[in-house]
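Undergrad: Can you read through this structure? Questions will come right after.
The values are calculated or read from the model by the stated rules, or taken from the named source; none is laboratory data. From a predicted model like this one, the values you see are computed outputs, not experimental measurements. Positions of Cβ are generated from backbone atoms using ideal geometry, with glycine treated the same way; all protein chains shown enter the neighbour counts.
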Amino acid sequence: MLRTKPIGVMASKGEGEEAGGGLRRTIGLFQLTMFGVGATIGSGIFVILGDAVPKAGPGVILSFIIAGITAALTALCYAELASTIPSSGSSYSFTYATMGEMVAYMIGWCLLLEYGISSSAIAVGWGQYLNELSFDILGVRMPAAIANPPGVNGGIFNLPAVILVLMCCILLLRGTKESAKVNTIMVVIKISVLVMFILIGLTAFNSSNLHPFMPMGMAGVGAAASSIFFSYIGIDTIATAGEEVKDPKRTLPLAILFSLLIVTAVYVLVAIIGVGTQPYTQFNGNEAGLVQILRRITGATWPGIILALGAVISIFSITLVTLYGQTRILYTMAKDGMLPAIFAKVDSHTHTPRKNTVIVGTLVAIAAALLPLDVLADLTSMGTLVAFAIVSSGVIILRRTRPDLPRGFKVPLYPLFPILSIFFCLYLIADLSSQTFTLFAVWLTFALIFYFAYSMKHSKLEKTE
């Protein structure tokens, strides 16, 4: 339970580069930065804003800033560990090298929760924007029963979410290089669309809409920040590409920092414009709220069509990258013997974990079709925050136990920033609902049962001892 994995094994050449069946290094700095931006921009703005504003009012701006500060502090810790241990396992691999197998295994399950549930949460909002797009262009809408998540506007089975997940899986099965190229194009489109929203929104900005700024007090701001924190999982996604990145010791930390700067700036600007153009009471949980804002401001349909199209593309991009991260976490854990070997099998032609991708896609599609957004978002935030707190702790531990390790990047103002990162993560965890804590406890209980029944006996470290 306490055995650690030698860092030299992970940092020397990458765990998946064994002759014949490993992953290939095909991703450069720009594409990796776009992976991070692609996994982040959109989930907080296109999907969750309509759900977060009723909790915090205009104070949602502060919620995004708090979440951004937490992400920034954690990003610095990720950058240091990613430059030291460039593995596809991300937080799981970092923890395996610093805190031992048991903690690493539990973090691995947090990551599975983070990526799998976030993929579902993001896919949930696709149907609303697809409906807005089809209505503006064709004048027709899909029936509410199949276009919305359960419990929202008459939704029963979210069919568009299922279709989205399946399309992303097909693209991932074609290969990582192809997926990265498509993602880069989609990221450029969605940033352009959000810039359009900001510029049009400025013409209708009214500062009186920002009063009262925190109608639900700081508790509402904290609750909203906790929910929207799942928007920042792009940081972790970058680290999951550790074995497919060129010059990982340099590329990983730079991509993490660049993507976070882009994401935070866009998030805060869109949030300010969003709540500045209409009273917060008009945000009613509709995930397609930004389209409605543009339609009201301009009195025309074309801005809404462009934004809805951008949202459809954006949510596709995010789902693609989070599914990618999920499969790579499973791949690394299976390579270590923590999960069944089927998750580690790589196709000899495409160099992708095909069976792994099919299994993940099926489970994510089922969750996206049947679960409501608020439950999915909070569960994702819980998994993300726990993993982030552990990574920040790992920086402190590794500095003490292995100060000799070559590091491509070091956290500034050590140990202040890692400690602050842990504090902010715990602060946001505390504001999550009791239902989220219960579901998270059930998830970890199942993980522990599986560890003692299977993973402990099949661990690669067990066989080498």
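Each row is one residue, and each column tells you yes or no for (1) surrounded by fewer than 21 Cβ atoms within 10 Å (Cβ to Cβ); (2) more than 17 Å from I107 (Cβ to Cβ); (3) free of Cβ contacts under 8 Å to residues at least 60 places away in the same chain.
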| position | (1), (2), (3) |
| --- | --- |
| T384 | no, no, no |
| I397 | yes, no, no |
| F440 | yes, no, no |
| T445 | yes, no, yes |
| M456 | yes, no, no |
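Undergrad: Going by the structure shown, is S192 at pLDDT below 75, out of contact with any strand residue (DSSP E or B) (no Cβ under 7 Å at 6 or more places or on another chain) and within 26 Å of I228 (Cβ to Cβ)?
TA: No; evaluated as a whole, the condition is false for this residue.
Undergrad: May I ask you to say which residue of K190, K181 is out of contact with any Phe, Trp or Tyr (no Cβ under 6 Å at 6 or more places or on another chain), more than 30 Å from V346 (Cα to Cα) and of a type in the set (K, R)?
TA: Numbers: K181 fails: more than 30 Å from V346 (Cα to Cα).
Matching residue, one of K190, K181: K190.
Undergrad: Can I ask one more? Mind listing whichever residues of the stretch 403-438 are surrounded by 12 or more Cβ atoms within 10 Å (Cβ to Cβ) and among the β-branched types (V, I, T)?
TA: V411, I419, I422, I429, T436 - these are the residues of the stretch 403-438 that are surrounded by 12 or more Cβ atoms within 10 Å (Cβ to Cβ) and among the β-branched types (V, I, T).
Undergrad: Residue check: is A255 of a type in the set (A, V, I, L, M, F, W, C), in contact with a strand residue (DSSP E or B) (Cβ under 9 Å, 6 or more places away or on another chain) and either buried (at least 22 other Cβ atoms within 10 Å of the Cβ) or more than 30 Å from F94 (Cα to Cα) (or both)? Working first, answer last.
TA: On the way: of a type in the set (A, V, I, L, M, F, W, C): yes; in contact with a strand residue (DSSP E or B) (Cβ under 9 Å, 6 or more places away or on another chain): yes; either buried (at least 22 other Cβ atoms within 10 Å of the Cβ) or more than 30 Å from F94 (Cα to Cα) (or both): yes.
When the stated conditions are applied, A255 passes them.
Undergrad: Of everything in the stretch 305-327 that's closer than 11 Å to C169 by Cα and among the aliphatic types (A, V, I, L, M), which residue is modelled with the lowest pLDDT?
TA: My answer is V321.
Matching residues to (1) over 18 Å from L112 (Cα atoms); (2) touching a helix residue (DSSP H, G or I) at 6+ places or on another chain (Cβ under 9 Å):
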site: A368; (1), (2): no, yes
site: F388; (1), (2): no, yes
site: P403; (1), (2): yes, no
site: F424; (1), (2): yes, yes
site: S433; (1), (2): yes, yes
site: L439; (1), (2): no, yes
site: F446; (1), (2): no, yes
site: Y454; (1), (2): no, no
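Undergrad: Between L448, L420, L432, which is at pLDDT below 85 and of a type in the set (A, V, I, L, M, F, W, C)?
TA: L432
Undergrad: To continue, here is another question. Looking at the stretch 369-384, can you tell me whether even one residue there is in contact with a Cys (Cβ under 7 Å, 6 or more places away or on another chain), among the small types (G, A, S) and under 25 Å from E101 (Cβ atoms)?
TA: Scanning the stretch 369-384 turns up at least one residue that is in contact with a Cys (Cβ under 7 Å, 6 or more places away or on another chain), among the small types (G, A, S) and under 25 Å from E101 (Cβ atoms).
Undergrad: Name the residues in the stretch 99-140 that are of a type outside the set (S, T, Y), free of Cβ contacts under 8 Å to residues at least 12 places away in the same chain and part of a helix (DSSP H, G or I), would you?
TA: Answer for the stretch 99-140, where residues must be of a type outside the set (S, T, Y), free of Cβ contacts under 8 Å to residues at least 12 places away in the same chain and part of a helix (DSSP H, G or I): F135, L138.
Undergrad: Further question: For the stretch 128-140, give me the residue count where each residue is exposed (fewer than 15 other Cβ atoms within 10 Å of the Cβ) and under 16 Å from I163 (Cβ atoms).
TA: Total satisfying the criteria: 0.
Undergrad: Among the residues of the stretch 157-167 satisfying the criterion of being part of a helix (DSSP H, G or I) and either over 18 Å from the mean Cα position of the chain (by Cα) or modelled with pLDDT of 85 or more (or both), which is farthest from E244 (Cα to Cα)?
TA: My answer is L159.
Undergrad: Tell me, please, whether a residue that is under 29 Å from R295 (Cα atoms), touching a Gly at 6+ places or on another chain (Cβ under 6 Å) and modelled with pLDDT of 75 or more can be found in the stretch 218-235.
TA: yes
Undergrad: Identify all residues within the stretch 74-130 that are within 25 Å of S455 (Cα to Cα) and of a type in the set (D, E, K, R); write none if there are none.
TA: The answer is E101, E114.
Undergrad: Given the criterion among the small types (G, A, S) and modelled with pLDDT under 85, identify the matching residue among A123, A56.
TA: A123 is the lone residue from the list that is among the small types (G, A, S) and modelled with pLDDT under 85.
Undergrad: A further question on this structure: Can you name every residue in the stretch 205-226 that is of a type in the set (S, T, Y) and either surrounded by 14 or more Cβ atoms within 10 Å (Cβ to Cβ) or in contact (Cβ under 8 Å) with a residue 24 or more places away in the chain (or both)?
TA: Matches in the stretch 205-226: S207, S226.
Undergrad: I would also like to ask the following. So which residues in the stretch 23-53 are small (G, A, S), modelled with pLDDT under 75 and surrounded by 24 or more Cβ atoms within 10 Å (Cβ to Cβ), if there are any at all?
TA: G38, A39, G42, S43, G44
Undergrad: Among the residues of the stretch 100-123, is there at least one that is among the charged types (D, E, K, R), within 24 Å of L432 (Cβ to Cβ) and crowded, with 24+ Cβ neighbours inside 10 Å?
TA: Taking every residue of the stretch 100-123 in turn, at least one turns out to be among the charged types (D, E, K, R), within 24 Å of L432 (Cβ to Cβ) and crowded, with 24+ Cβ neighbours inside 10 Å.
Undergrad: Looking at the structure I just gave you, is F157 in contact (Cβ under 8 Å) with a residue 24 or more places away in the chain, surrounded by fewer than 17 Cβ atoms within 10 Å (Cβ to Cβ) and in contact with a Leu (Cβ under 9 Å, 6 or more places away or on another chain)?
TA: When the stated conditions are applied, F157 passes them.
Undergrad: Also, I was wondering about something else. I'm trying to understand the selection: among the residues of the stretch 141-151, which are surrounded by fewer than 21 Cβ atoms within 10 Å (Cβ to Cβ) and in contact (Cβ under 8 Å) with a residue 12 or more places away in the chain?
TA: Taking the stretch 141-151 and keeping what is surrounded by fewer than 21 Cβ atoms within 10 Å (Cβ to Cβ), we get 141-146, 150-151.
Answer for the stretch 141-151, where residues must be surrounded by fewer than 21 Cβ atoms within 10 Å (Cβ to Cβ) and in contact (Cβ under 8 Å) with a residue 12 or more places away in the chain: M142, A145, I146, P150, G151.
Undergrad: Determine whether I170 is at pLDDT 85 or above, surrounded by fewer than 16 Cβ atoms within 10 Å (Cβ to Cβ) and assigned to a helix (DSSP H, G or I).
TA: yes
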